[in-house]
Amino acid sequence: MDFREQIKSLLKEAELYQQQGLLNEAKERYRKATDLIKQNAHIPNSQQLIAKIVQKVVGLNQAMERINTATSKPQVSDRKQDLIKKLFSSGRETSSDDADLEGAIALAKFGQFERALQEFERLLDREPLRVAAAKNILRCQLELDALDAAVDGYGAWTQDPRFSAAQLQKVKFFLESRLKKSGRTLDALALEEPRKPAGTAPGGGVSADRPAQGIPPASSPEPPRAVAENRPSGSAHGGEEEYLDINSVGILFDRGPQKGRMVEFDVSFQTGNAINLIIPGKDRNVIDHLEAGSRLDDIQFFSPIAILNGSGVVTAKTRIKSGPKEGDFSLDIAIIRS
């Protein structure tokens, strides 16, 4: 679409966000619309239009201040969750599969884990999305510190005829790499390799309580692939297979209270070359100086099979307003070089 249609779309989205109480998101849309207007000198009455937007932003700031000082905690209704799911997925042209997966991830990034889990469970029925949906179910459970549920869930999938051997191997390798950080592992003796031949009795259950057995990956891991400079993330489900899973990142801050130090954060969610961090509210001072557009020039990306050095750009920072992560911050980072 041309820039005029982009501006109209941004202003419409801003109004919708404001109506639903998503004030930070509305403010970000107004900022983007203002930037577009400034970049295009041929827009008639551009200064008047910018002035009107500024007035709306001032009103938003006042409303945000009132919310911050209020004692009541906002709840996110199903209708608001649907709005998040629809509008916070990627703005690029996507297939129905891509949009549904990104919408479910958006719910999780806003702390709506129960609804997100329902969406991911539904997406397990779709062959192209199965691995991505399974990984994101595990991510949600691990964000909720439900390690046993994650392990038991994988155990159930080993008996689920929807999963192929190759799909289960990818999910197993992903789960094992995540469990290592907490000192837990799948039990090699209790958990048979997935997809036994037809007619063979299924192998045992899953245990997360025994000592680690030194389980090898279910298959040889794919070699790490560096994310190309400014490379688009591609399709959502394609991104899960095309990009290396990033478990955590180390960010060397060049300003703020952690200036000169590298701070490690667990990656909560990932879509292609876009990663999401959920930062506890008590640690907000660490990221106070980061806003959308902030560039991070020195990042280490930790995957199960490689450590990559690269850069990134903050694409969004949002405070989670309800759910088990209420008061925490959701930080989106696009990897631009590694």
Problem set entry | Hits in the stretch 28-49 - residues which are within 32 Å of the chain's Cα centre (by Cα) and more than 17 Å from Ala292 (Cβ to Cβ) | Ile37
Exercise. Can you name the residue in the stretch 96-129 that is polar (S, T, N, Q) and more than 14 Å from the chain's Cα centre (by Cα) and, of all such residues, is modelled with the highest pLDDT?
Worked result: Gln118
Problem set entry | Subset of the stretch 296-326 that is outside any loop (DSSP other than H, G, I, E, B) and β-branched (Val, Ile, Thr) - its residue that is farthest from Leu23 (Cα to Cα) | Ile307
Exercise. What is the residue count in the stretch 145-179 for residues that are over 24 Å from the mean Cα position of the chain (by Cα) and acidic (Asp, Glu)?
Worked result: 1
Exercise. For Ser177, all conditions in the list (1) surrounded by fewer than 22 Cβ atoms within 10 Å (Cβ to Cβ); (2) modelled with pLDDT under 85 hold save one; what is the number of the exception?
Worked result: (2)
For this session: Would you point out the residue of the stretch 252-304, among those that are free of Cβ contacts under 8 Å to residues at least 60 places away in the same chain and in contact with a Pro (Cβ under 9 Å, 6 or more places away or on another chain), that is surrounded by the most Cβ atoms within 10 Å (Cβ to Cβ)?
Result: Gly272
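To keep it simple, each residue is scored yes or no on (1) touching an Asp or Glu at 6+ places or on another chain (Cβ under 7 Å); (2) more than 25 Å from Lys32 (Cα to Cα).
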{"position": "Gln270", "(1), (2)": "yes, no"}
{"position": "Gly281", "(1), (2)": "yes, yes"}
{"position": "Asn285", "(1), (2)": "no, yes"}
{"position": "Ser294", "(1), (2)": "no, no"}
Exercise. When you look at Leu138, is it touching a helix residue (DSSP H, G or I) at 6+ places or on another chain (Cβ under 9 Å) and either modelled with pLDDT under 85 or outside any helix (DSSP H, G or I) (or both), yes or no?
Worked result: no
For this session: Would you confirm whether any residue within the stretch 282-295 is under 26 Å from Gly260 (Cβ atoms), touching a helix residue (DSSP H, G or I) at 6+ places or on another chain (Cβ under 8 Å), assigned to a strand (DSSP E or B) and of a type outside the set (Asp, Glu)?
Result: no
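The values are calculated or read from the model by the stated rules, or taken from the named source; none is laboratory data. Here the structure is a predicted model, which means the values were calculated and not measured. In this analysis, Cβ positions are derived from the backbone assuming ideal geometry, glycine residues included, and neighbour counts consider all displayed protein chains.
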